[in-house]
Structures are given as structure tokens and as C-alpha cells.
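Below is one structure, written out as C-alpha cells, with a few remarks after it.
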Amino acid sequence: MIKKKKNFPGKFITQEQKLPLMTLREVVMFPKAIIPLLVGRDSSIKAIEFALDNYNKNIFLVTQDEPKLEKPTPDNIYSFGCLARILQMFRLPDGTIKVLFEGLKRAVVDPDEVDFSQEVPVVNAQTITEEDSSNPESEALIRAAHQALDEYGKINSRMAKETILSILSLNQAGAIADAVMPHLKVEFQDKQAVLEQLDPFKRLQMAYAHLQGEIEVFSLEKKIKTRVKKQMEKNQREYYLSEQLKAIHKEMGREHDPKAELDHLQERIKEKNLPEQAEIKALEELKKLRTMPPNAGEYSVLLNYIDWILSLPWEEIQESQVDMAQAQKILDDDHFGLEKPKQRILEYLAVQSLVEKMRGPILCLVGPPGVGKTSLAKSIARATEREFIRLSLGGVRDEAEIRGHRRTYVGAMPGKVIQSLKRVKFNNPVFCLDEVDKMSTDFRGDPSSALLEVLDPEQNYAFNDHYLDLDYDLSNIFFITTANYLHTIPAPLQDRMEIIKLPGYLETEKTKIAKDYLCPKQLEFHGLSPDNVSFSEGSITEIIRQYTREAGVRNLEREIASICRKVAKKLVEQNEDKDKKVKISKTSIPSYLGVPKVRHGEREDKPLVGVTNGLAWTQVGGEILLVEVALMPGTGKIEITGKLGDVMQESAKAALSYIRSRSEIFGLKPDFYKEIDIHVHVPEGATPKDGPSAGVTLGTSLISALLNLPVRNDVAMTGEITLRGRVLPIGGLREKLLAARRAMINRVLIPEGNEKDLEEVPDNVLKGLEIIPVKNMDEVLSQALLGTTPDELFCGRGNCLPVSAKLLKEEFRQQTQ
């Protein structure tokens with residue numbers, strides 16, 4: 001956009017002229033153009049009146065670059081505008097005026113000289129008179145423009161033929177461009193660019209390009225209209241044929257009587273046990289139907305709506321006899337373990353047997369994939385003798401999936417909740433909302449917010465579906481939601497559910513599940529029987545340890561299925577007797593499944609300096625976590641590697657600070673750290689690791705390396721360390737103890753605060769483990785380091801200071817109390 005007035009040499013003739021200024025919004029005035037405008041701004045009306053009274057109807061029209069501005073400033077107007085004459089003016093009843101302007105000449109002003117503080121700004125406009133020159137290239141462009149304009153006139157019926165003929169009579173490039181641009185639907189910025197182009201040839205090039213673009217747009221519009229017209233003709237033809245078909249059916253006596261159909265609907269409404277509000281609504285819609293012809297478009301919509309009301313189980317409750325023993329047996333037969341959710345279901349059944357009506361519970365089963373959340377919901381339905389509904393919410397991002405569409409939309413339907421109830425025909429099923437943590441949000445709404453009403457016991461007795469627009473009672477439904485993670489579920493939604501966490505299965509539990517459930521299931525599926533194939537307990541354990549790494553049992557089932565397929569293939573290929581017994585042992589597993597796919601952490605063969613067995617929790621179970629520390633001459637740097645998270649790195653720094661604060665007690669120089677570099681590494685560097693529970697392990701490895709004392713290789717530990725050396729409680733104790741047992745660890749050091757959690761650990765996991773609760777690092781070191789009695793631990797190893805042994809013993813005794 002040109003903002004400064006300039007001098008125009010050569011073929012341009014300029015002349016200064018004082019004129020009142022009027023700004024235009026999204027309109028660009030061109031020379032020789034005649035444009036009618038509706039003017040409503042007070043400043044513009046005053047400028048027009050001022051021009052009529054004082055300037056012989058002449059006015060300077062310039063476009064503002066921000067159309068929404070009511071009061072533009074000098075920075076908001078273009079330099080180039082048009083000297084125009086007011087041909088006619090009409091005042092309208094609403095106060096606006098309709099003005100007919102005729103463009104005369106291009107003109108340019110200096111925006112900085114425009115004073116908008118005046119009631120009517122008067123500017124020194126420099127009008128431009130151009131001398132058009134002719135050459136072969138210009139002649140060719142003029143002919144092309146004439147042809148394009150002729151084509152444009154044929155496809156654009158809104159452009160008058162007289163206008164086209166008048167433009168075709170022009171033979172100057174600049175004049176043609178100025179005449180064409182006002183009739184094109186292009187952005188005002190593009191028109192302004194053409195106005196500011198003083199070279200006639202280039203100006204016509206720009207106008208020609210815009211004209212070609214408009215021709216393409218009009219051609220596409222014509223194609224679209226033709227296509228729509230053909231579709232309408234097709235629809236009319238189909239309607240005509242359908243009416244003929246109705247007439248044929250009528251002659252043959254096959255036509256349905258609409259009145260009889262509506263009478264039948266009224267009988268159904270009276271017979272159906274509907275709530276008062278629903279019955280009134282259905283009768284109102286039926287009344288509308290009676291006054292409407294059957295071929296009306298709204299007829300089928302109303303008919304479908306009434307049918308939905310009559311098809312829902314408003315008061316239909318499925319009766320069930322509460323048998324606690326039978327329910328317990330069903331739950332135990334279907335799932336091994338999972339005691340907490342089973343206990344909660346039995347509690348609900350017990351209360352149900354004591355009260356006539358109670359609101360259905362809303363449970364949220366949270367756990368890793370494959371632990372049996374969805375199948376547990378099915379078992380709950382069996383145990384309570386109710387219908388089962390499963391609705392997967394994974395990837396749902398439309399609120400209408402839950403609450404339906406309003407009837408104003410074409411093809412509207414109720415939400416999935418109401419649709420599911422229509423399908424089961426009872427109002428008290430077990431309703432499983434699967435993968436509730438995987439919903440998302442976009443411009444169509446937030447389905448998790450829509451679920452708030454469904455899962456809130458204080459609201460769901462009057463759930464309002466958008467399609468039905470009636471209150472529907474969902475309080476009798478037993479809602480169960482499942483999720484893998486809690487952090488992706490909005491807090492208000494979590495607050496409405498009772499969270500039950502399903503931890504991953506222990507190795508012993510997986511073995512039991514495989515032996516009692518998975519193996520028989522896969523043998524039957526593959527046409528085998530226990531008489532054909534038998535799995536030893538060692539073989540199942542080998543599959544779990546060496547070929548799967550998961551919290552659930554899905555991959556375990558796949559591996560068992562793989563063995564069954566290979567056994568079936570072998571029996572068929574070798575034409576062996578199907579009664580032949582095939583025993584799957586631990587040693588034969590690699591011949592069926594190949595080399596082991598999973599490697600678990602193992603303890604060291606002998607005690608080493610700076611190497612400690614830690615215990616880590618993962619979603620797929622516990623793991624041994626080796627922590628290694630190496631010392632080198634240096635300047636006090638500490639290097640931490642192994643893809644450790646922020647919390648774990650902070651634990652390493654806290655452990656080092658603890659050692660520095662007790663350097664005298666450990667027999668180290670106060671500035672020992674300035675003469676060495678410390679490297680802390682946790683193997684399996686590609687695996688991310690984080691959490692505070694490795695604090696005591698990091699501290700033990702550091703002290704072992706600094707004192708040159710080996711760490712016992714049959715001891716593992718877990719716990720968070722503080723700067724004072726206290727050992728704080730951690731989570732995942734059950735899985736960590738199983739990992740220690742699998743790695744043949746004999747002794748495990750746990751925080752004293754976790755001693756109460758041992759009650760939830762199965763006895764077969766604790767078997768063979770010596771569990772030692774500890775309160776502080778002194779107790780940890782005395783159990784983990786070889787030769788760590790008080791005399792040996794504080795004997796002045798390495799770079800000791802001369803310290804009283806009696807004082808050290810006394811401090812050690814106080815720390816351990």
C-alpha cells in the first residue's frame with residue numbers, strides 16, 4: 001500500500017486540487033465508473049453535503065484499509081483514491097442517503113496531511129491524467145481482454161449487455177482495466193492494487209488475471225447448479241413413480257390405512273406403562289400426526305419419535321433372586337484374584353436383598369490392559385442375573401453420542417445410552433462404559449461432560465436425552481466404567497465414580513490363571529484336549545518369564561495358542577494318533593516359541609563395590625534395578641546416566657548430600673568430593689526410569705564406592721531417602737517382592753512405613769524372603785555392606801580423619817534407635 005504522495009514524471013500529467021475527503025469501506029472507486037452507494041456515517045454524509053455546496057459536486061473518494069473502523073486515522077487510509085462527481089442523491093426514511101458517484105480521475109494525497117479532527121477533511125489531491133500509448137503487445141492484451149469480457153458476459157447474467165458493449169468499445173488498456181474492475185467480485189485490496197498501478201499495460205494485465213479467475217468461478221457455479229437440477233429432477237421422478245406405485249397398491253387392496261395405524265399407536269400408548277410426562281408428550285405428537293397428510297416430510301419424523309417413546313423400557317425391571325453363594329461362585333469361576341471388586345459386588349447384592357429399592361452403584365475399574373476389567377463386568381452381569389450392555393467410548397468426541405441429536409436435525413437419533421436400553425428391553429442392566437479414559441474433545445462438544453449427568457446418582461434419575469427431550473430414569477442401572485489411566489479422566493467425572501484399582505497379576509496368579517483357564521480354553525479352541533496336550537507348571541512359568549512382559553494375560557494366552565497350533569500341525573502332518581499324549585515341559589518351550597523374547601534383571605554373581613540391587617515397579621510388574629557407581633580422579637563433577645527422570649536424579653543428589661553431611665562419621669574428608677568425579681549409572685539405558693523409591697539404593701552404592709566396601713549380592717532394597725537419612729515409604733511393594741524372589745534374592749530391605757502392606761502380599765510371594773523393615777540409612781548400610789558393624793563401618797577407611805571411635809559408636813547407636 002502506497003502511503004506517501006509522489007511526483008509523476010514523463011507521460012503522467014498531474015494537477016493539484018483541493019477537495020473534501022470521504023472514506024469508503026470495502027469499495028474502491030475507479031475513473032469512468034458509475035457506482036451507487038448507501039451512505040450512513042455522519043462524517044460521510046457531511047462530506048457529501050459539503051461537496052455539493054462548496055466544490056461543485058466534486059469529492060475525493062479513498063478506501064480505508066480497516067473496514068470495521070468507524071473513525072479512521074491517517075494511518076488507515078490509502079494514498080491513492082479517485083476524484084469523483086456526485087450525480088444524484090436521495091435521502092431515505094431511515095436517515096441514510098443513496099448517492100450515485102461517477103469516477104473522474106485518479107488522485108493521490110499524503111495521508112499525513114489529512115486532518116480528521118475537522119468536521120469535513122479537505123485535502124490537496126494531486127489528480128493524474130495518463131497518456132495511453134499503443135504497441136503490438138498492448139493490442140494483443142486488449143483483444144484477449146475483450147474476448148474474456150465477452151465470455152464473462154455470457155456466463156454472468158447479472159452484468160447488463162449495455163455495460164459489456166460499452167467496455168468492448170474502449171480501445172485503451174488503462175481505460176478497459178478501470179471499467180472492468182468495478183464489476184468483478186474480488187477483494188477490495190486487489191482492486192486497490194489495480195487502482196495504484198499507473199502503467200496502463202500492467203494494470204490491464206492485473207485486471208485480465210482477475211477476470212479469468214471470475215470466469216473459472218462462474219463456470220464451476222454453473223456446473224454445480226446443473227448437477228443440483230438433475231438431482232432434483234431425479235427426486236421428482238422418483239416421487240412420481242412412488243405415487244403411481246401407491247395407486248397400483250390401492251387398486252389391489254394392499255394400501256395401509258393411516259387412520260388405523262394411528263389408532264393402533266394410541267392403543268399402544270394407553271397400554272404402555274409410561275411416566276405421566278412421556279404419555280402426555282406422546283399423545284400431543286399423535287394429535288399432530290392426525291392433522292398431517294401421510295406424505296408430509298414431518299410425518300415420518302413424528303411417527304419415528306412416538307415409536308422410540310413406546311419402545312423404551314420406562315418401568316420394565318428385570319427381576320432377579322439374590323443368591324450370595326451363587327454370585328460368589330460365578331465371580332470365582334470367571335476370574336482368579338481380583339478380591340476387592342468381587343467384595344464390592346457382593347456387598348451391593350447384600351444391601352439389595354435388605355432394601356426394596358437402591359440406586360445402582362457406579363464403579364470405575366482402573367488397571368493395565370489385559371487384567372480382566374471388561375470380562376469382570378460381564379461376570380457381574382451374570383452374578384446379578386441382569387442383561388449386559390457394553391459401550392466403547394474409545395475415540396468418542398461427539399457429545400451427541402451420549403445425549404443424542406435434537407429432532408430438528410435430519411436423521412436425528414437418541415444417544416447410545418437410550419439406544420442400548422431399547423435393545424435390552426430392561427431398565428436395570430449392567431452397563432459397561434469401556435475405555436472411559438480415551439474420550440476426546442473437539443468442536444462437537446465434550447462427551448466426558450455429558451457423562452457427568454449419566455454417572456451422577458443425584459442427577460441420573462432425570463437424564464434428559466436431546467432427542468427424546470424427556471426425563472429418563474437411569475438410577476436403576478448398574479454402571480461400570482473401565483480405564484487404563486486415571487489422569488486422563490476429568491476430575492469432576494472421577495468424583496462421581498467409585499474407583500477400584502486392579503493391579504497387574506503376579507507371576508503366581510498368572511500361572512494359576514493359565515493352568516485353570518487359558519490352557520483348557522485354547523486346547524478346546526484348537527481341537528485338542530487335556531488328554532492330547534499337558535502343560536507342566538514349569539513350562540507355564542517359563543512362558544511368563546521369558547516370552548511375555550505384561551500386567552495382564554493376553555500375550556500369555558497368545559503364546560499358549562501358538563504352542564497349541566504347532567502341536568495340532570504336528571499331529572496332522574505326521575498322521576499321528578490324536579490320543580497321543582504331548583507333554584509341554586520347560587525345556588521344550590524354545591522348540592515351540594523360539595529364543596526367549598524377554599530378559600528380566602538378575603543379581604550379580606558375587607558382592608561388588610558400588611553395585612546395589614534396587615527394586616522397581618512397572619505397569620507390567622516388578623523388576624530388579626541395578627545401580628552402579630564408579631569413582632575417578634577429578635574435580636567434583638557428578639554424572640548421572642541411564643535415562644533417569646527428574647525425580648530419580650534428585651534422589652541421587654539427595655543421597656550425595658546426605659553422605660557429605662556425615663562425611664566425618666563415614667571417615668571421609670570434608671572436601672572428599674572435590675578430588676573425585678562420581679558417575680552413577682542404571683543399566684538398560686534405553687528404558688526410562690523415574691521415581692523416588694531408588695533413593696536408598698543410590699545412597700548405598702555411593703557409600704560402597706566411597707568406602708570401598710562391597711554390597712551383598714543377595715540383598716535388594718527399596719525406599720525414598722531424605723537429607724537426614726530417613727527411609728520413607730514407597731508403593732508397588734507386592735510387585736517388587738515378587739521381582740526379588742524371581743531374581744533369587746534372599747533378603748529385602750523395605751521402609752518401616754511399608755510393614756503394614758505385607759498383609760496384602762500373598763504368602764507364596766513371601767516364602768523364602770527375609771523382609772527387614774528399616775527406618776534410616778544406618779540400618780540399611782549395616783544390612784547391605786559387608787563388614788558393617790559400627791566398629792568396621794566407622795573404622796577410618798580410605799581418607800579418614802582421626803575421630804574418636806567411642807564418639808562414632810555413640811552416634812551410630814543414637815541413629816539406629
Point to revise | Selection from LEU104, LEU165, VAL120, by position along the positive dipole direction of region 35-186 (Cβ) | key: LEU165
Check your understanding: Can you give me the relative contact order of the chain as a percent, contacts being Cα pairs under 8 Å and 6 or more apart?
Key -> 7 percent
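Would you work out the Kirkwood radius for region 109-201? I mean one over the mean of 1/r across all pairs of different Cα atoms, in Å.
Numbers: mean 1/r = 0.0640 Å⁻¹.
About 15.6 Å for region 109-201.
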Study note, to complete from the structure: Out of ALA450, GLN522, LEU493 - ranked by how far each Cα lies towards the positive end of the dipole of the chain, with unit charges on the beta-carbon of charged residues - the top one is GLN522
**Study point:** Student exercise, region 468-560 dipole from Lys, Arg, Asp, Glu Cβ charges, in Debye to nearest 20
**Key:** 420 debye
Practice item. Normalise the Debye intensity by I(0) for region 479-563, one equal point scatterer per Cα, no solvent, then take log10 at q = 0.13, 0.20, 0.21, 0.26 Å⁻¹ and round to two decimals. Key: -0.54, -0.87, -0.93, -1.25
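Using the Cα centre of region 111-236 as the reference point, and only Cβ charges (+1 on K/R, -1 on D/E), how large is the resulting charge dipole? Debye, rounded to the nearest 20. Spell out each step's value before the answer.
Values: 15 positive and 21 negative charges, 309 e Å.
Here the size comes out at about 1480 debye.
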Exercise for review: Starting from the Cα of LYS270, draw a straight line to each of the aspartates and glutamates and keep only those under 15 Å, dropping any in the same chain fewer than 8 residues away.
Suggested key: GLU261, GLU279, GLU284, GLU285, ASP307, GLU315
Check your understanding: Can you list, bin by bin at 10 Å, the percent of alpha carbon pairs in region 683-758, starting at 0?
Key -> 17, 47, 33, 2
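Using a 1.4 Å probe on the protein chains only, how many percent of the accessible area of the chain belongs to carbon and sulfur? If you can, show how the numbers build up before the last one.
On the way: 21130 of 42100 Å².
Summing carbon and sulfur atoms, their accessible area is 50 percent of the total for the chain.
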Revision key, fill the gap. Trypsin sites (Lys or Arg not before Pro) in region 347-433 lying in a DSSP loop, each with at most 10 other Cβ atoms within 10 Å of its Cβ, come to LYS357
Practice item. Using only C-alpha positions, report the orientation-averaged shadow area of the convex hull of region 531-602, nm², one decimal. Key: 5.2 nm²
**Study point:** Nearest-20 debye value, the chain charge dipole, Cβ charges on Lys, Arg, Asp, Glu
**Key:** 1540 debye
**Study point:** Quotient of C-alpha Rg and 2.2 N^0.38 Å, computed over region 33-169
**Key:** 1.28
Practice item. For LYS185, go through the lysines and keep the ones whose alpha-carbon is under 22 Å away, minus same-chain ones fewer than eight residues off. Key: LYS32, LYS68, LYS98, LYS154, LYS161, LYS202, LYS222, LYS223, LYS225
Study note, to complete from the structure: Among GLY95, LEU707, LEU346, the residue whose Cα sits farthest towards the positive end of the charge dipole of the chain (+1 at Cβ of Lys and Arg, -1 at Cβ of Asp and Glu, taken about the Cα centre) is LEU707
Exercise for review: Please work out, to two decimal places, the log10 of the ratio I(q)/I(0) at q = 0.04, 0.05, 0.10 Å⁻¹ from a Debye calculation in which every Cα of the chain carries one identical scatterer.
Suggested key: -0.42, -0.63, -1.05
Revision key, fill the gap. By the C-alpha gyration tensor axes a ≥ b ≥ c (rounded if a/c is under 1.5, else prolate when a/b exceeds b/c, else oblate), the shape of region 284-443 is oblate
Review point. For the chain, what is the accessible area per residue in Å² when the probe is 1.4 Å?
Key: 52 Å²
Check your understanding: Dimensions of region 53-107 along principal axes (Cα, Å, largest first)?
Key -> 32, 29, 18
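For region 647-704, what does the equivalent ellipsoid look like in terms of its semi-axes, each the square root of 5 times an eigenvalue of the Cα gyration tensor, given largest first in whole Å? Display every interim value, and only then the final one.
Values: eigenvalues 108, 29, 16 Å².
Output for region 647-704: semi-axes of 23, 12, 9 Å.
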**Study point:** Above-threshold pairs, the threshold being 19 Å between Cα atoms, out of LYS342/LYS378; LYS57/LYS191; LYS510/LYS643; LYS272/LYS425; LYS597/LYS767
**Key:** LYS57/LYS191; LYS510/LYS643; LYS597/LYS767
Study note, to complete from the structure: Neighbours of ILE97 by Cβ distance under 12 Å: Lys/Arg at +1, Asp/Glu at -1, summed charge +1
Point to revise | FRET efficiency, THR226 to ASP495 (Cβ-Cβ, R0 56 Å, nearest 0.05) | key: 0.45
Study note, to complete from the structure: Taking only Cα atoms of region 134-187, the Rg to Rh ratio with Kirkwood Rh works out at 0.96
Check your understanding: Among the lysines, which have Cα under 22 Å from the Cα of LYS775 when same-chain residues fewer than 8 positions away are ignored?
Key -> LYS653, LYS736, LYS756, LYS809
Practice item. Would you mind computing, in nm to one decimal, how far apart the modelled labels at ASN464 and LYS378 are, each placed 7 Å from Cα along Cα→Cβ? Key: 3.8 nm
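The values are calculated or read from the model by the stated rules, or taken from the named source; none is laboratory data. This structure is a prediction, so every number in the text was calculated from the model and none was measured. Reconstructed Cβ throughout: ideal geometry from the backbone, glycine too, with neighbour counts over all protein chains shown. Accessible surface is based on the protein model in full, side chains and every heavy atom, while ligands, DNA and RNA are left aside. Shrake-Rupley method; radii C 1.70, N 1.55, O 1.52, S 1.80 Å.
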